[in-house]
1. Scan segment 2-49 for residues that are surrounded by 13 or more Cβ atoms within 10 Å (Cβ to Cβ) and β-branched (Val, Ile, Thr) and jot them down.
2. Any residue in segment 51-71 that is of a type in the set (S, T, N, Q), loosely packed, with under 11 Cβ neighbours inside 10 Å and at pLDDT below 95?
3. Within the bounds of segment 1-8, is there any residue that is aromatic (Phe, Trp, Tyr) and assigned to a helix (DSSP H, G or I)?
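The values are calculated or read from the model by the stated rules, or taken from the named source; none is laboratory data. Because the structure is predicted, anything quoted here is derived from the model rather than measured. We place every Cβ from the backbone using ideal geometry, glycine too, and count neighbours over all the protein chains shown.
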Amino acid sequence: MIRGSFSLFDMDSIIRKSGAERVGEDASIKLSEKLEDTGKDILLRAKQLSYHAGRKSITREDIMLAAMHVRS
């Protein structure tokens, strides 16, 4: 199985900070996959926004606006 780009340790930490006492490895893997997929969707939308504005660079504002419109 191919794992996401985020470390399982970091995913475990995020899940524990949300209140879980125990975390299965499969939960950490799934969170990593979902975050990566959502991130790709946000970046695609941000790229479209920067292109529409006549820019080649993606700005913080592009990311923020794109994140408001992307749902996982």
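1. 14, 15, 23, 29, 38, 42
2. no
3. no
Per-residue answers, yes or no, for (1) in contact (Cβ under 8 Å) with a residue 12 or more places away in the chain; (2) of a type in the set (Lys, Arg):
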| residue | (1), (2) |
| --- | --- |
| 8 | yes, no |
| 24 | no, no |
| 36 | yes, no |
| 39 | no, no |
| 50 | yes, no |
| 61 | no, no |
| 64 | no, no |
| 71 | no, yes |
